[in-house]
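The values are calculated or read from the model by the stated rules, or taken from the named source; none is laboratory data. Note that the structure is predicted; figures quoted are calculated from it, not measured. Cβ placement follows ideal geometry from the backbone for every residue including glycine, while neighbour counts extend to all protein chains displayed.
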């Protein structure tokens, strides 16, 4: 089984510091208190914000990790793409016969 490493807002802050989270808030045009509320679970990360955080952090934070309920888990997505790839390959091979 594959393992996917993901980073939460708390881990991002621990690794890069509170100033990085403040810079991230500024980059996104929001406030640090708003990000802090998302970090602590007082506010949900909206799907839109999850996408913006992924882009702003160059993928260090992913929308899938921030909102697996909306975007699915990385493992599920990998398994789905692997299954589709196998199905496409089997279909292609049967067409060649």
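Side notes on the structure shown:
- Scanning the stretch 13-51 for residues that are under 20 Å from residue 73 (Cβ atoms) and not in a loop (DSSP other than H, G, I, E, B), we see that the one that is farthest from the chain's Cα centre (by Cα) is 38.
- Residues within the stretch 61-83 that are in a helix (DSSP H, G or I) and at pLDDT 65 or above, tallied: 15
- Condition check for residue 58: free of Cβ contacts under 8 Å to residues at least 12 places away in the same chain, loosely packed, with under 14 Cβ neighbours inside 10 Å and not in a loop (DSSP other than H, G, I, E, B): no
- Test: residue in the stretch 28-37 that is within 18 Å of residue 62 (Cβ to Cβ), surrounded by 14 or more Cβ atoms within 10 Å (Cβ to Cβ) and modelled with pLDDT of 95 or more: yes
- Take the conditions (1) surrounded by 13 or more Cβ atoms within 10 Å (Cβ to Cβ); (2) over 15 Å from residue 71 (Cβ atoms); residue 45 misses just one of them, which is (2).
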